Amino acid sequence: MCCYKKFLLFGLLSVPLLTAVTTAQAVQLRVTVENLAPTNTISLAPFRFGFGNGTFDAFDNNQPAFLLGASTIAGAPIVTIAEGGSAAAWFPAFQSAEPNANLGSVVGPVIGPFLPGQSNSAIFEIDPSNRFFTFGTMVVPSNDHFLGNANPVAFEVFDAGGNLVLNSFTEDAARIWDAGSETENPANAAFLVGGVNDQRANENLPVSFNFSDLSAFNGLTTAAGYTFDSSLLSPNTPVLRVSFSLVPEPSSVALFAIGGFALLAVRRRIA
């Protein structure tokens, strides 16, 4: 357990968190997170998210991680997601940019992370005027890989009238980011037996798509007991699905057209 106690602690402490919403405006929304990755490949840290107006920009492709008030790159909000699965800096940065955002976490069903094939959901009160969804989740084992959206308006969950217009989206392995903040080193990697996540060495590269470097951990034993094998991943391998549904759910007739708008399922691929 010592090899990833910091990572696990973040998961155990991560209960759903929401900023206050006006009860008259709020809707009950179920957020479901599924790790679609093949057995013996990546696990996902506790899933961090926010519903907002699209102002909060967590990071940009091919740019250094945004400090957003942090004094060093190790404390940059997206880096704390990427290097340890923590929202301790990410949530405050989000709320600083958008004071009325609704923030929360969904954790794995057993120990915090989502192992391959695992899923879990939680219900949140969301102000539907917070139309856009932004998320971050560490990909493990790794030093600084993660899934998240660089474009803060990429996922419009509610339209301007407050109708739910997106019921799910899927991320493929090609959408895995490397924060560029820490060198690849199994001795310092989260979620590996013998890895010490508190140790790190600066890499000083921009954030970029990169799942091929996960091969550095092939053949090593994860904290969950399986042997990691990134060769089972291809660019088009689905690794994450996030779903949204109103609670109580609409009638069977309305499931496909709420407020006259068809629900959309989006599968994101690298351009």
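The values are calculated or read from the model by the stated rules, or taken from the named source; none is laboratory data. All of these numbers come straight from a predicted model, not from anything done at the bench. Cβ sites come from the backbone with ideal geometry, for glycine too, and all protein chains shown count toward neighbours. For accessibility, only protein heavy atoms count, side chains too; no ligands or nucleic acids. Shrake-Rupley method; radii C 1.70, N 1.55, O 1.52, S 1.80 Å.
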Ser231 - would you say it is over 19 Å from the mean Cα position of the chain (by Cα), modelled with pLDDT of 95 or more and outside any loop (DSSP other than H, G, I, E, B)? yes
Name every residue in the stretch 180-200 that is open to solvent by less than 40 Å² (accessible area, probe 1.4 Å), in a loop (DSSP other than H, G, I, E, B) and either among the hydrophobic types (A, V, I, L, M, F, W, C) or touching a Cys at 6+ places or on another chain (Cβ under 7 Å) (or both), in order of residue number. Ala189, Phe191, Gly195
